[in-house]
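This is the structure I want to talk about, given as structure tokens.
The values are calculated or read from the model by the stated rules, or taken from the named source; none is laboratory data. The structure displayed is predicted, hence computed values, not measured ones. Protein only, heavy atoms only, side chains kept; ligands, DNA and RNA dropped before computing areas. Shrake-Rupley method; radii C 1.70, N 1.55, O 1.52, S 1.80 Å.
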Amino acid sequence: MSRYAQWIDSAYIQLAEYRLAPAQKQLLLDFLIWRLKLHALFGDEFVLSDIQAVDSQVIQKLFLDEDKSFHSFLARHPSFLSLVARPLDPMTSSRWAIVSRGLERTQHPYWISSSMPNPEPIKLLAQQILEANEFDSSKWLFDKNSPLFDVVQKWPEREQALKGIVGSIGYFNSSEALCGTPQTERSRTLWEVLCDINLDRLPEEEQKRLLTTRDFIEKEIPEKFRGMQSAIFSALPKKITRIRTDYQVILQTTHFAWNTAVMETVSPNLGSLGYLKWGVNAGKYLNHITDVVLSPRDKEERLWIPKRRGRPLFMGWDPGRLSWLQIADIRLKTSTTARQVQEALWRDDPCLTGEALQAHVQALGAALVEKPPPLVNPLVWVLGGVTLLIAKPELLYLVGMGKVSEEGWREVVYRIRKFRWGNTLKEFGREITRTH
């Protein structure tokens, strides 16, 4: 089944990096690649939006792919990544009209890049691709006289990101890639999403944050631009007069609303949300089964874990150490149990999901008997069959693989606060999972 991953969006990465040290920022990007590999092992498939195919640090890094392992993985599992976009001309649905929609978005005067501080390298590259008579990504990547290298000469520090964009556009423009148009004739804007959220469904603190965001947009953004995330982001640095917390509330809530609107447009089977401390996550209020990525770094951060309890299952290997070629082989070998996991998630049955996940983890372990990857951080536990706990000395993450619940997080946070980081990661796992 397909998921829309909010955390693939570079705007999410940019907001999640707030107050992170430089070393932790790289850890965050590495973790998101790690998580994508984990989802691949569990049989998931992902739907990208038009702008994610262009302006996502995760996608740029994947399609840079100098050893071609990710391309080889996609050749064997083409449904793992698909692209859904609404062509600028509603009368056409050609592959190029779909693929180039993200490039066209970058040409809007209000557009700002989330993957790099200066949007001009992406704007110029997109303009060159759109104006070209034909686009052959292999020629653009390897011919030193191609327009790509003209852009690289101006911004050599962006060479890898720009090559990743060319690789992404080239892949989705090829016949083996999956592309499509939205099922709905019209998409809601982020402003409509914000206005449609029922305040009665929100806790008091989230009501205040939502109203803060609505008031700012209504007062500062012209009506015709209220549906544009870039327009709101551009306005904030110049016009915000409140304290920094309110600045983050507006940024993060706007981003959540944008991704909720995009998620409705691309229509996945399941959602996959990010976590930002100050934002109101509108995606929680859709009728989608979702999972969530969390990064608790201080005592105020919240953890969401599923309600069901059960015996934790420890996975003594690290998916991040697997190459995409290895993952392609393992995905084929474990396709039966992975399909059972997907069916259980779709039925939204916690008991069935727990049993399916535990069976699949055992199948993954059996597939890795011959050449298990080295056991390095992060370590993984299955909590109650539906949550994966990933521990690093620098950061801690919970990844819910089933339906997300806010029940039971207080006790986990309490145990995290009590834990002495001088202990080993295995001791950490035993402490955190003691009551689950």
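Keeping every protein chain present and rolling a 1.4 Å probe, give me the accessible area per residue for the stretch 148-218 in Å².
53 Å²
Right, something else. From largest accessible area down, sort Arg101, Arg186; use a 1.4 Å probe on the protein chains.
Output order, biggest surface exposure first: Arg186, Arg101.
Rounded to the nearest percent, how much of the accessible area of the stretch 159-198 (1.4 Å probe, protein heavy atoms only) is carbon and sulfur? Walk me through the numbers on the way to the answer.
Values: 790 of 1860 Å².
Result for the stretch 159-198: 43 percent of the exposed heavy-atom area is carbon or sulfur.
Over the Cα atoms, compute the radius of gyration (one decimal) and Dmax (the largest Cα-Cα distance, rounded to a whole number) for the stretch 63-161, in Å.
Every Cα atom of the stretch 63-161 included, Rg and Dmax give 14.8, 39 Å.
In addition: Please arrange Tyr171, Tyr247, Tyr110 by accessible surface area, largest first, computed with a 1.4 Å probe and ligands excluded.
Highest to lowest solvent-accessible surface, that is Tyr110, Tyr247, Tyr171.
Once ligands and nucleic acids are excluded and a 1.4 Å probe is used, how much of Glu66 is accessible, expressed in Å² to the nearest 10?
Counting only protein heavy atoms, the figure is 150 Å².
Roughly how many Å² of Met263 are accessible to a 1.4 Å probe, to the nearest 10?
0 Å²
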